[in-house]
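**Q** Take this structure, written in structure tokens, and hold onto it; I'll ask about it next.
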Amino acid sequence: GQSQMISTWGGQNLSPSWNPANPDLVAFSSNRDGNNEIYVTRANGSGVRRLTNSPGIDVSSSWSPDGTKIVYASDRTGLPTIYLMEADGSGQRRLTSLPDTYEDSPSWSPRGDRIVFVVRTGNIGADIATASPSGEDVVMLTMGEGANEDPEWSPDGLRIVFTSSRLGGKNLFIMNWDGTNIRPLTKNGTSYSPSWAPAG
């Protein structure tokens with residue numbers, strides 16, 4: 001029940017993500033050096049290492065289940081898109097080759113086989129898609145029913161919880177990993193930014 005501040009450095013510090021294979025490591029985004037980049041720190045705030053160095057904003061990091069890779073969002077080439085890199089910052093590459101899209105909020109499946117993310121094209125509302133870590137076989141899970149955002153995997157990687165405005169206001173919905181069986185978890189009021197409790 002006790003809290004401990006680990007970001008004792010200045011600037012904006014965003015979107016922390018635990019390494020599932022090593023709970024002593026946390027990835028996060030910070031503008032401590034003037035631009036939002038991805039960093040890694042130990043859980044006590046020591047050993048801070050900078051992983052990215054791009055002219056754009058790098059945010060929303062998510063680890064692979066084995067802790068060897070990180071997926072994140074970057075606008076280094078214009079529109080925000082999804083990138084992958086090794087845990088030490090090497091091998092940075094774009095995940096997909098979707099043209100003229102705004103991509104954000106990546107999250108790696110606990111099974112390691114899919115990465116879920118949000119896609120926006122033109123003035124069309126946000127939708128949720130998945131891709132393999134190779135960036136191939138992009139699959140759209142929602143199609144034009146309101147704004148669909150904040151996707152998060154269940155601990156077994158079989159379901160996705162997300163925020164959607166398809167009923168009017170923001171509510172939480174759940175669907176199977178392949179986009180089937182979409183159903184609401186909340187109705188009325190405003191609910192968003194879900195997070196799934198760990199298994200067990």
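The values are calculated or read from the model by the stated rules, or taken from the named source; none is laboratory data. Worth saying up front: this structure is predicted, and the values here are computed from it rather than measured. Here the Cβ is made from the backbone with ideal geometry for all residues, glycine too, and neighbour counts use every protein chain on show. Ligands, DNA and RNA are excluded from the accessible area calculation, which covers all protein heavy atoms including side chains. Shrake-Rupley method; radii C 1.70, N 1.55, O 1.52, S 1.80 Å.
**Q** Through the Karplus equation 6.51 cos²θ - 1.76 cosθ + 1.60, θ set to phi - 60°, convert the phi angles of region 74-87 into ³J(HN,Hα) values in whole Hz; use x for Gly and Pro.
**A** Values per residue, Gly and Pro as x: 9, 10, 4, 10, x, 6, x, 9, 8, 10, 10, 7, 5, 5 Hz.
**Q** Give me the one-decimal Kirkwood hydrodynamic radius in Å for region 46-200, with the sum taken over alpha-carbon pairs. Please report the intermediate quantities before stating the final value.
**A** Values: mean 1/r = 0.0627 Å⁻¹.
15.9 Å is the Kirkwood radius here.
**Q** List the residues, sorted by chain then number, that are 5 or more residues from residue 21 or on another chain and whose placed amide H is less than 5 Å from its amide H.
**A** 67
**Q** Keeping all protein chains in the complex and leaving out DNA, RNA and ligands, what accessible area do you get for residue 81 with a 1.4 Å probe, in Å² to the nearest 10?
**A** Probe radius 1.4 Å; accessible area of residue 81 about 10 Å².
**Q** Subtract the Cα-Cα distance of residue 97 and residue 196 from 0.36 nm times their separation in residues, and report this length gain in nm to one decimal. Before the final figure, lay out each step's value.
**A** Working: separation 99, 0.36 × 99 = 35.64 nm, distance 2.94 nm.
Stretched fully, the residue 97-residue 196 segment lengthens by 32.7 nm.
**Q** Now, a different point. Considering only protein heavy atoms and a probe of 1.4 Å, how much of the accessible area of the chain is carbon and sulfur, as a whole percent?
**A** Values: 4860 of 9870 Å².
Accessible surface attributable to carbon and sulfur in the chain totals 49 percent.
**Q** Around residue 36, under 15 Å between beta carbons, what's the net of Lys plus Arg minus Asp minus Glu among the other residues?
**A** Values: positive: 32, 50, 76; negative: 33, 37, 58, 75, 104.
Net charge around residue 36: -2.
**Q** With every protein chain in place, what's the accessible area of residue 39 (1.4 Å probe, Å², nearest 10)?
**A** For residue 39, the solvent-accessible surface is approximately 0 Å².
**Q** What ranking of 153, 18, 177 comes out by heavy-atom accessible area, probe 1.4 Å, highest first? Each step should come with its number before you reach the end.
**A** Values: 153 15, 18 160, 177 100 Å².
Output order, biggest surface exposure first: 18, 177, 153.
**Q** Moving on. Let me check something: with ligands and nucleic acids excluded, how do 83, 102 order by accessible area (1.4 Å probe), largest to smallest? Each step should come with its number before you reach the end.
**A** Numbers: 83 20, 102 85 Å².
Descending accessible area places them as 102, 83.
**Q** Quick one: check the C-alpha center-to-center distance for region 18-35 versus region 141-188, whole angstrom.
**A** 27
**Q** Can I ask one more? Report the one residue of 89, 16, 56 whose Cα lies farthest in the direction of the positive end of the charge dipole of the chain (charges on C-beta: Lys and Arg +1, Asp and Glu -1; origin at the Cα centre).
**A** Toward the positive end, the furthest listed residue is 16.
**Q** Find out how many positive minus negative residues lie around residue 124, taking Lys and Arg as positive, Asp and Glu as negative, among other residues whose Cβ is under 13 Å from that of residue 124.
**A** Values: positive: 120; negative: 100, 127, 145.
Computed value for this residue: -2.
**Q** Just to check I understand the Karplus step: with θ = phi - 60° and J = 6.51 cos²θ - 1.76 cosθ + 1.60, what whole-Hz values come out for region 43-59, glycine and proline as x?
**A** 5, 8, x, 9, x, 5, 10, 8, 9, 10, 8, 10, x, x, 9, 10, 9
**Q** Find the accessible area per residue for the chain; the probe is 1.4 Å, ligands and nucleic acids are left out, and the unit is Å². Intermediate values should be presented prior to the final figure.
**A** Values: 9870 Å² over 200 residues.
Heavy-atom accessible area per residue stands at 49 Å².
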